[in-house]
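The values are calculated or read from the model by the stated rules, or taken from the named source; none is laboratory data. This is a predicted model, so every value here is computed, not measured. Here the Cβ is made from the backbone with ideal geometry for all residues, glycine too, and neighbour counts use every protein chain on show.
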Amino acid sequence: MNWKPIKKSSDTWNIKPNLPDYHQTYSSFSWEKIRRELDGLPDSKGLNIAHEAVDRHADGLLRDHPAIRWIGSDGTILDFTYARLKEETNRFANVLKQLGIQKGDRVFVLAGRIPELYIAALGTLKNGSVFCPLFSAFGPEPIFQRLSRGNAKLLVTTKPLYKQKVAGLMDRLPQLQNVLLADVDEDMDKTVRSLSEQMTKASKTFTIPPTDPEQMAILHFTSGTTGMPKGAVHVHNAVLTHYMTGKYVMDFHPGDVFWCTADPGWVTGTSYGIIAPLVHGVTNIIDETDFDAKRWYEILENQKVNIWYTAPTAIRRLMRMEFEPRREYDLSHLRLIHSVGEPLNPEAVVWGQKKLGLPIHDNWWQTETGGIMIANFASVDIRPGSMGFPLPGIEAAIVRRVNNDKVEVVKDPEVQGDLALRAGWPSMFREYLHDEERYRKCFVAGWYITGDLARRDADGYFWFIGRADDIIKTSGHMVGPFEVESTLMEHPAVAEAGVIGIPNPMIGELVKAFVTLKPKIEADEKLRLDIMGFARKKLGSAVAPKEIEFQDNLPKTRSGKIMRRLLKARELGLPEGDISTLETS
Ligand code: AMP
């Protein structure tokens with residue numbers, strides 16, 4: 001289907017966006033200018049993310065403004081003003097110092113979205129140590145892999161998580177000499193102690209030591225397709241990207257209330273669930289619970305959320321529900337909705353416009369890029385299904401690899417190739433921990449090759465095709481699973497689809513779709529054939545799935561991505577590879 005563009009003009013703005021004219025800002029952009037909009041540490045002692053996110057506001061006009069509004073699973077609401085956040089993060093930094101945790105040492109947090117996670121993250125950055133978040137739902141083995149590969153010196157967690165998942169690993173983690181439990185009042189032993197007791201003893205004043213912008217700040221593990229998870233290293237200078245994308249994509253304005261639904265175990269929950277909103281001095285909503293449609297709409301209404309950042313998987317779940325959100329809830333405070341993590345089907349963009357009153361703005365980035373690289377903006381027309389334009393300061397291109405040292409930039413529009421970014425933006429990952437060679441291989445002739453395939457249209461919009469690993473070669477065609485999945489989702493019975501290629505001697509690979517249905521719809525042969533016919537009509541017989549299998553649920557990562565490689569491994573009876581990020585509940 002050809003989706004109509006969603007037009008933007010100054011009549012559609014209720015606030016003038018920070019980026020009223022994309023092309024003008026893109027051509028006149030400089031990172032130096034962005035740097036000047038930030039503070040820097042006093043006396044030119046460098047640049048520290050936590051100073052930009054917390055202290056400069058606490059010491060200024062936003063002192064009593066809510067920085068974090070935390071909503072507990074039982075409905076408790078806790079507000080942390082910028083001044084209080086400064087004190088709490090100072091205390092945590094002092095705890096680290098007192099325990100001998102130094103610059104560059106790794107501080108891991110294994111916890112749900114509790115306030116201590118956020119305090120630990122920012123306090124760690126203040127101390128010049130490295131923050132490493134882990135999903136609380138990881139099992140012991142993925143936790144062990146990450147703690148040992150990351151050389152964890154200190155872990156913040158809770159008593160139940162410690163007992164169930166970490167206690168049995170301690171013998172194998174000799175370097176981990178401090179575990180701080182967020183939910184106990186007394187120390188368990190010399191290694192496993194009460195965080196609150198340490199915090200009470202610690203001073204509430206702390207001076208951030210000089211911080212080189214290139215100093216390691218955050219370590220994010222991202223799942224590899226096989227083998228060990230990769231540890232992507234980010235530095236303090238990344239805050240320039242967090243700030244710049246907060247300004248131009250999130251369009252933060254003073255007084256805004258922002259909600260990013262991602263868990264900090266995934267990079268989105270750190271870059272945008274912690275850093276970007278705080279750097280802009282807005283109020284950051286944190287919800288302790290996972291997806292729950294009713295609760296989510298209530299949060300949007302009760303907290304008067306202005307800007308909402310979520311993921312396609314959640315949007316698709318909301319789409320499945322047959323009700324009119326705006327009839328039941330007051331969503332009038334919402335100004336912008338953004339999505340990341342997976343391709344956002346055009347259907348979902350338009351659903352947002354119809355049901356929530358706002359189109360959903362897709363944006364693209366990766367753990368390795370540290371921040372948003374390609375986006376739809378408040379002021380730019382949306383072409384549903386497109387990721388939008390590169391951010392100011394980011395040069396994106398479609399390239400073709402010539403050899404290991406050379407790429408060719410594809411100038412013609414509509415040509416499929418590797419999506420690449422000109423290396424050197426501030427939040428670019430600086431290494432894969434312990435894997436120099438793998439890191440080096442990501443860069444060719446000054447370009448970072450993202451591992452995704454895409455195309456650019458004649459007007460400069462980028463369109464996602466697929467992970468290079470997921471592309472299906474069938475009867476001489478290259479098929480991106482996203483295209484097929486999006487079409488399947490246009491069928492009225494289909495809720496979600498995951499598409500893979502199965503080796504086939506006649507046609508190379510055969511396109512197979514796994515499909516989940518909307519509530520109350522029965523899976524039967526008639527429906528299967530109907531969906532197959534529907535897809536064939538829209539996609540043509542070469543690209544449409546030759547096989548469709550109904551499933552109750554598709555395997556997803558904890559960040560909501562459909563795990564196509566797992567669908568494939570299961571289909572073919574192959575080893576499942578690293579499934580530490582598989583959502584199990
Ligand atoms: P991660 O590092 O886990 O966040 O995964 C990054 C990958 O997710 C990208 O390389 C893409 O394959 C996919 N991805 C993220 N955002 C988008 C998007 N807006 N459209 C399509 N794919 C996306």
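Any chance segment 349-366 includes a residue that's at negative phi, modelled with pLDDT under 95 and touching a helix residue (DSSP H, G or I) at 6+ places or on another chain (Cβ under 8 Å)? No, every residue in segment 349-366 fails to be at negative phi, modelled with pLDDT under 95 and touching a helix residue (DSSP H, G or I) at 6+ places or on another chain (Cβ under 8 Å). Counting only residues that are closer than 23 Å to residue 15 by Cβ, within 16 Å of the ligand (Cβ to nearest atom) and of a type in the set (A, V, I, L, M), segment 361-406 holds 5 of them. If you go through segment 535-585 and keep only what is in a strand (DSSP E or B) and within 16 Å of the ligand (Cβ to nearest atom), you end up with 556, 557, 562, 582. Among the residues of this structure, residue 230 counts as one that is closer than 24 Å to residue 134 by Cβ and basic (Lys, Arg).
Quick one: which of 256, 263 is within 16 Å of the ligand (Cβ to nearest atom) and among the acidic types (Asp, Glu)? Being within 16 Å of the ligand (Cβ to nearest atom) and among the acidic types (Asp, Glu) holds for just one of 256, 263, which is 263.
Can you name the residue in segment 339-360 that is more than 14 Å from the chain's Cα centre (by Cα) and within 13 Å of the ligand (Cβ to nearest atom) and, of all such residues, is nearest to residue 322 (Cα to Cα)?
Residues of segment 339-360 that are more than 14 Å from the chain's Cα centre (by Cα), as a first pass: 345-360.
Pick out the ones that are also within 13 Å of the ligand (Cβ to nearest atom) and you get 345-346, 348-349, 360.
Working: 345: 19, 346: 19, 348: 14, 349: 17, 360: 19 Å.
Restricting to residues being more than 14 Å from the chain's Cα centre (by Cα) and within 13 Å of the ligand (Cβ to nearest atom), the top hit is 348.
Would you check if residue 73 is farther than 25 Å from residue 159 by Cα and among the polar types (S, T, N, Q)?
On the way: farther than 25 Å from residue 159 by Cα: no; among the polar types (S, T, N, Q): yes.
No; evaluated as a whole, the condition is false for this residue.
Scanning segment 182-226 for residues that are away from the ligand (no atom under 16 Å from the Cβ) and either within 30 Å of residue 369 (Cβ to Cβ) or outside any loop (DSSP other than H, G, I, E, B) (or both) yields a count of 20.
This table checks each residue for (1) in contact with a helix residue (DSSP H, G or I) (Cβ under 7 Å, 6 or more places away or on another chain); (2) in a helix (DSSP H, G or I); (3) buried (at least 17 other Cβ atoms within 10 Å of the Cβ).
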residue: 268; (1), (2), (3): no, yes, yes
residue: 274; (1), (2), (3): yes, yes, yes
residue: 284; (1), (2), (3): yes, no, yes
residue: 294; (1), (2), (3): no, yes, no
residue: 297; (1), (2), (3): yes, yes, yes
residue: 304; (1), (2), (3): no, no, no
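For segment 512-529, what are the residues that are out of contact with any Leu (no Cβ under 9 Å at 6 or more places or on another chain), surrounded by 14 or more Cβ atoms within 10 Å (Cβ to Cβ) and part of a helix (DSSP H, G or I)? Steps first, answer last, please.
Going residue by residue through segment 512-529, those that are out of contact with any Leu (no Cβ under 9 Å at 6 or more places or on another chain) are 518-520, 522, 524-526, 528-529.
When the remaining residues are screened for being surrounded by 14 or more Cβ atoms within 10 Å (Cβ to Cβ), the result is 518, 528.
Listed by number, the list holds a single entry, 528.
Being at pLDDT 95 or above, surrounded by 12 or more Cβ atoms within 10 Å (Cβ to Cβ), not aliphatic (A, V, I, L, M) and not in a loop (DSSP other than H, G, I, E, B): is that true of residue 91 here? Considered against the rule, which asks whether it is at pLDDT 95 or above, surrounded by 12 or more Cβ atoms within 10 Å (Cβ to Cβ), not aliphatic (A, V, I, L, M) and not in a loop (DSSP other than H, G, I, E, B), residue 91 comes out as yes.
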